[in-house]
Amino acid sequence: MPTGPVIQENLGRVTPGATYEDLLKSPEDENIFDYYATSQIKLVRLDGAISSIGKPGLITDASASPDNKYVLVDERHRPYSYLLPFEMFPERVSVIDLSTGAAKQLADKPLEDTIPNIHDAVEPGPREFAWRSDAPSSVCWTEAGDGGDPRKEAAIRDTIFLLSAPFDGSPHRLAELPLRFRRIAWSGEHLTLVEERRWRDRKRIILAVSPGVAAAPVKLFEGSFEDHYHDPGAPFEVMNAAGKYVFANFAGRLLYLLSWRRRVARRRYAFRFDHECDYR
């Protein structure tokens, strides 16, 4: 039963205010949400043994590293909001060592209530954590150089970082992007594809970067993401020995991109490169 009235406080900050449905409305709603949304990660071995990983929480994602030694955990936590959906609640990202159970926190982000309601706007701070699919245990993430507001002048919109186990050192700066980060595809130390976009002029750029080689990014494609006839497509991916998808790198010198279009036959593009990342 409710123990008192619902109290909300305005702290005087000006923030964007979109309208959402089915939000939490009271402390009782918060307790019910905790009850149904709380989960526990379990490790189930092939011999039937089951063990708990970490603590129960509002876990939204959990993925094992390619070498199966760590788990990357994304969860939401209090304080909740009565004006925003749970996808914008405070977020905590951690890596759990499966051998010891020790957790290393990578980020703890506040409520996402300052994101401008415009295209290309993102939350400030680190975002989009994921494992590097072609490495044993390396986490990749992105951080906005403009505070998440595309209206601000900034030479670097996004920066991509890498941090490898045991996750104690300083992150490696993989690439600095003048446009907003869109996606990344892995293949090895000599070649990674990074796509960046800008909504204002529909610009799309595909870069070739080298995680393990000191080389400047090479632009493979620049055009409009609305121009489907000249879209080079997406890299042809295969599953590696760790069960993760990487794009096919044929003989270390050829990359295939596949694209489907309406009323147009499939087109194949190939970029040829050498091991020093001198793409042509």
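Before we move on, is Arg173 open to solvent by 60 Å² or more (accessible area, probe 1.4 Å) and assigned to a loop (DSSP other than H, G, I, E, B)?
The answer is no for Arg173.
Please determine, by comparing only the residues of segment 119-167 that are assigned to a loop (DSSP other than H, G, I, E, B) and without any contact (Cβ under 8 Å) to a residue 24 or more places away in the chain, which one is least open to solvent (accessible area, probe 1.4 Å).
Step by step, filter segment 119-167, then rank; the result is Asp146.
What's the number of the condition Glu222 fails, among (1) in a strand (DSSP E or B); (2) surrounded by 15 or more Cβ atoms within 10 Å (Cβ to Cβ)?
The failed condition is (2).
Please work out which one of (1) free of Cβ contacts under 8 Å to residues at least 12 places away in the same chain; (2) part of a strand (DSSP E or B) is the condition Ile184 fails and give its number.
It fails just one condition, (1).
Is there any pair with a first residue in segment 50-69 that is closer than 16 Å to Glu87 by Cα and a second that is polar (S, T, N, Q) and surrounded by fewer than 15 Cβ atoms within 10 Å (Cβ to Cβ) whose Cβ atoms are under 6 Å apart and which are 6 or more apart or on different chains, and what are they?
Listed by first residue and then by second, the contacts come to Ile59/Ser39.
If I go through segment 10-66 residue by residue, how many of them are of a type in the set (A, V, I, L, M, F, W, C) and part of a strand (DSSP E or B)?
Our first condition is that a residue be of a type in the set (A, V, I, L, M, F, W, C); within segment 10-66, this holds for 11, 14, 18, 23-24, 32-33, 37, 41, 43-44, 46, 49-50, 53, 58-59, 62, 64.
Narrowing the set further to residues that are part of a strand (DSSP E or B) leaves 41, 43-44, 50, 53, 58-59, 62, 64.
The number of residues fulfilling the criteria is 9.
How many of the residues in segment 228-240 are without any contact (Cβ under 8 Å) to a residue 12 or more places away in the chain and either part of a loop (DSSP other than H, G, I, E, B) or out of contact with any Gly (no Cβ under 6 Å at 6 or more places or on another chain) (or both)? Walk me through how you get there before you give the answer.
Residues of segment 228-240 without any contact (Cβ under 8 Å) to a residue 12 or more places away in the chain: 230, 238-239.
Cutting the leftovers down to either part of a loop (DSSP other than H, G, I, E, B) or out of contact with any Gly (no Cβ under 6 Å at 6 or more places or on another chain) (or both) gives us 238-239.
So the count comes out to 2.
The values are calculated or read from the model by the stated rules, or taken from the named source; none is laboratory data. Only a predicted model underlies this, so the values are computations on that prediction, with no experimental measurement involved. Glycine also receives a Cβ, built like all others from the backbone with ideal geometry; neighbour counts cover every protein chain displayed. In case anyone asks, the SASA skips ligands and DNA or RNA and just uses the protein heavy atoms, side chains included. Shrake-Rupley method; radii C 1.70, N 1.55, O 1.52, S 1.80 Å.
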